1. Separation of the stretch B:44-117 and the stretch B:1-41 by C-alpha centroid, Å?
2. Just how large is the dipole of the stretch B:2-141 about the Cα centre, in debye to the nearest 20, putting +1 at every Lys and Arg Cβ and -1 at every Asp and Glu Cβ?
3. I'd like the trypsin sites (Lys or Arg not before Pro) in the stretch A:96-154 restricted to DSSP loop residues with at most 15 other Cβ atoms within 10 Å, sorted by number.
4. Report the convex hull volume per residue for chain B, counting only C-alpha atoms, in Å³.
5. Around A:Asn61, which amide H atoms from residues at least 5 apart in sequence, or from another chain, sit under 5 Å from its own amide H, with H modelled in the peptide plane?
6. Note the angle between two axes, namely the Cα long axis of helix B:42-66 and the longest principal axis of the Cα atoms of chain B, as a number of degrees from 0 to 90, rounded to the nearest 10.
7. Please report the projected area of the stretch A:33-154's Cα convex hull averaged over all directions, in nm².
8. State, as an integer percentage, the relative contact order of the stretch B:2-141 based on alpha-carbon contacts under 8 Å between residues 6 or more apart.
Amino acid sequence: MGIDAGMWKLAGSSSSSSTCRRFHASSLGGSSGEVKALVVDDSRINQMLHHKLLDNLGVENLVVCNGKEAVDIHVSGKQFDLILMDIDMPVMNGIEATRKLRDMGIRSVITGISSHTLDHVKQEFIAAGIDEYHEKPLTSAKLLSILNKIKHKD
Amino acid sequence: MEKKQQLHRQVVMMRQSLFDQGYVDDQFVQLEELQDDTNPNFVEEIVTLYYRDSARLISSIEQALERSPLDFDKLDNLMHQFRGSSSSIGARKVKAECTQFGEHCVGGNGEGCMRSFQRMKREYSALRKKLEAYFQVARQAGPMDTASRSN
């Protein structure tokens, strides 16, 4: 899986959140270019970090600020191979968003990313329907292992 | 040219000292590895966001610590956020103090929270000074080729 510099542009601010900015990265022919990912996190730091991680691996990705925006984007018809889902977010948290997405029939790989170490929180996240859980921060190595699983799944 | 080389050497030394003195951990290396020609100031941008987040969270925690009785759930939640962002940039010592604070919250130990918060602020202040000095010199030195970097 090659690492290609992606080209990204600001796709415009969301009408539902005045402080939420969306990033849309498109690969310039990277080997992970067919995989589409959604980053769901309210932390600007983690948005930038995960966006850049995915971008450097040539993965087309979009960033939203909370669980409700993640659900809304799926209602609008967009689909993703991978969803990186934070837990603690305003409006709708990651556990509720995961439950809703699964109820909608979304079969994307949902990876829970959180700094929670409490077992009961992890268990609740798993019960909601995530495929795997990683502690923050996400690293290139962890992301590569997630992407490899998606590729082999296909 | 010699001045440039001197500056580059200084950058390498300052960077090494961040690790040797335990201010940052491997996550900082992860950030550096993400930096490239399309985002040449990526690390500094993320760290700047961290300063902004930190200022907001420290202020909120200070206000929460002035309340009586203390709302340990709220304090824990705020410090959890701070721990998360500190972890994302590799701020090792700050993260450790955040963890300590969280343990005091769980134990309902107000005095412990206060002491831990003061220590956390000192660590944060020390880290910020170090990083600001490092990025200032790094900017003066300009881009380095990968052969000049050392871990």
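Taken together, the values in this text are just the output of simple stated rules run on the coordinates, not laboratory data. Quick caveat, the model's predicted, so the values are computed rather than measured. FYI the Cβ positions are ideal-geometry reconstructions off the backbone, even for glycines, and counts take in every protein chain you see.
1. Each part reduced to its Cα centre gives a spacing of 27 Å.
2. Details: 20 positive and 21 negative charges, 113 e Å.
Dipole about the Cα centre, nearest 20: 540 debye.
3. Details: sites: A:Arg99, A:Lys100, A:Arg102, A:Arg107, A:Lys122, A:Lys142, A:Lys149, A:Lys151, A:Lys153; in loops: A:Arg107.
Qualifying residues, ordered by number: A:Arg107.
4. Numbers: hull volume 15.0 nm³, N = 151.
So the per-residue Cα hull volume is 99 Å³.
5. Excluding prolines and chain starts, which carry no amide H, the hits are A:Ala25, A:Ala37.
6. The angle comes out at about 20 degrees.
7. On the way: hull surface 26.9 nm².
With every direction weighted equally, the projected area is 6.7 nm².
8. Values: 124 pairs, mean separation 44.1, N = 140.
In percent, rounded to a whole number, it is 31.
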